[in-house]
Amino acid sequence: MSNTTTTDKRTAGDPTDPGILATAALAVELVSDGARVGLGSGRASSAFIAALGARMRRGLSIVGVPTSEASAKQARLLGIPLVDIEEDVPLDITVDGADEVAPNLDLVKGRGAAFVRERIVAAASRRQVILVGPEKIVPALCARGDGFPVEIFPLARGLAMRRLKALGLRPVQREDGRGGPFVSDNGNLIFECGVAKPLADHASARALEAAVLDIPGVIDTGLFLGTAERVLVGHPDGNVDVLTRTET
């Protein structure tokens, strides 16, 4: 896999970065005419939505389901029709980004705060395809010490803090940059949960996820385990590695 230079790090994840543009172009080719497409959130997803809009102008007919207000706004500006998730009609594909990708394609998502909606849309889809740069590939989830986000119903703040700490996590409430708490699109609080050590394998990640989700008032976590069918890794030279998940 290609090494990332200092310049590459500065532009990693930027929607104009050649690697991200290359992954978006490849992902668009996975979308068939008439498809129902989950539209992820974040910079890589923004590049995909732009590429999808361009392909629609060349005759592709699709409908989209956005995972955030920002994705919905971009889609509308590009003329992509938006629909709700229907009970009897699954989505064909969701294309999204990720903050970390482990060797088995387990993910950390949600540092852009849309992970609850991203979870719902991914679960409603037959396939989830993830677009990242090489800087997002990690030897194990949380290996860089960033932890993972947890979305919490406001009333449960105190209880959740206590229970998260009891699990050995270090929860810190996300702020909005103006001295107040960050509030998600869903009206909830988000805590960044540091870990004592990286999540070494799928089993340990799954056990921690289950314990966190068992806390009353926890809506969801940014651990996306076993959801990605494939990950497209775009390098600064425009080459793309295609990683596919094996069962764990």
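Please treat every number below as a calculation from the coordinates, not as lab data. On a predicted model such as this, the values are computed, not experimentally measured, just so you know. Ideal geometry is used to build each Cβ from the backbone, glycine not excepted, and the neighbour counts take in all protein chains shown.
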One would report the antiparallel percent of DSSP beta bridges in the chain, rounded to the nearest 5, as 60 percent
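Kindly work out what percent of the DSSP beta bridges joining two residues of the stretch 9-114 are antiparallel, to the nearest 5. Could the numbers behind the result be given before it?
Working: 3 of 11 bridges.
Roughly 25 percent of the DSSP beta bridges within the stretch 9-114 come out antiparallel.
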Measuring from the longest principal axis of the C-alpha atoms of the chain, the long axis of helix 157-166 (C-alpha) lies at a number of degrees, nearest 10, equal to 80 degrees
In degrees rounded to 10, the 0-90 angle between helix 202-213 Cα long axis and the longest Cα principal axis of the chain is 70 degrees
For 115-124, 27-36, ranked highest to lowest by mean beta-carbon neighbours within 10 Å, the order is 115-124, 27-36
Diffing the stretch 83-100: the Karplus 3J(HN,Hα) column from phi (6.51, -1.76, 1.60, θ = phi - 60°), in whole Hz with x for Gly and Pro, holds 9, 8, 6, 9, 4, 9, 10, x, 6, 7, 7, 10, 10, 8, x, 7, 8, 9
For Ile93, the residues 5 or more places away or on another chain with a placed amide H closer than 5 Å to its own amide H are Arg36, Gly38, Arg126, Arg127
For the Ala203, Asp33 Cβ pair and Förster radius 45 Å, calculated FRET efficiency rounded to 0.05 is 0.65
With 0.36 nm assigned to each residue of separation and the Cα-Cα distance removed, Arg58 to Arg144 gains 26.8 nm
With +1 at each Lys and Arg Cβ and -1 at each Asp and Glu Cβ, the charge dipole magnitude of the stretch 200-248 around its Cα centre, to the nearest 20 debye, comes out at 40 debye
By the mean-Cβ-within-10 Å protection proxy, highest first, 216-226, 56-66, 90-100 rank as 90-100, 216-226, 56-66
Note, the stretch 26-33: 3J(HN,Hα) by Karplus (6.51, -1.76, 1.60, θ = phi - 60°), whole Hz, Gly/Pro = x, goes 5, 5, 4, 5, 7, 8, 8, 4
Check: C-alpha center the stretch 132-170 vs C-alpha center the stretch 23-99, spacing in Å is 28 Å
